[in-house]
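Structure first, commentary second.
Derivation of every value follows stated rules applied to the coordinates shown; laboratory data play no part. Remember, it's a predicted structure, so these values are computed and weren't measured experimentally. Backbone-built Cβ (ideal geometry, glycine too); neighbour counts: all protein chains shown.
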Amino acid sequence: MKTKFLKIVGVVFFLFVLFRVINPNYTKKIFVLNCSDEYKMSVFGREYEGFRYHNSKMDVAKCLCEKYLKTKEKKYESEIRKIINEFELENSVYNMTIEKICTDREEVFFYWYYE
């Protein structure tokens, strides 16, 4: 009984160490209305993976802006505002109309980088 328990603990520990060393990646997707983007994550998170999520979300926001400028539909505006609130960009777009935000989307929805 005790040896069986030790074998199970040993196998679990070995698998943990193996996955920690290999640390496989997987892809996550973000869908907002008809805009989407994907980014890579690892099983055991790395410190820069928040950058990947942020940059992917910024790409989605830029896509939403392009669609808003073409159609002027309110559903795009509300999703753009949600992204602005999620990343606390309110100060950079204070007193800006949604048209101005979307026109200047490259400056408003900027990337976070890691090197």
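Listing for the model above:
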| item | result |
| --- | --- |
| Total charge dipole magnitude, the chain, about the Cα centre, Cβ charges on Lys, Arg, Asp, Glu only, Debye to nearest 20 | 900 |
| Under 25 Å from the Cα of Lys29 - lysines, other chains or at least 8 residues apart | Lys40, Lys57, Lys62, Lys67, Lys70, Lys74, Lys75, Lys82 |
| Answer label, with P(r) over Cα pairs in 10 Å bins from 0, in percent calculated from the coordinates and candidates (i) 14, 49, 33, 4, 0; (ii) 13, 34, 22, 13, 10, 7, 3; (iii) 12, 34, 30, 16, 7, 2, 0 | (ii) |
| Summed residue charge, Cβ within 12 Å of Arg81's Cβ, Lys/Arg positive, Asp/Glu negative | -1 |
| Value at 222 nm in deg cm²/dmol, rounded to 500, when DSSP H runs of n ≥ 4 in the chain each add -39,500 (n - 2.57) | -18500 deg cm²/dmol |
| Helix axis angle, 74-86 relative to the chain longest principal axis, alpha carbon, degrees | 50 |
| Simple spin-label estimate for Lys40 and Thr27 in nanometres, 7 Å along Cα-Cβ | 1.1 |
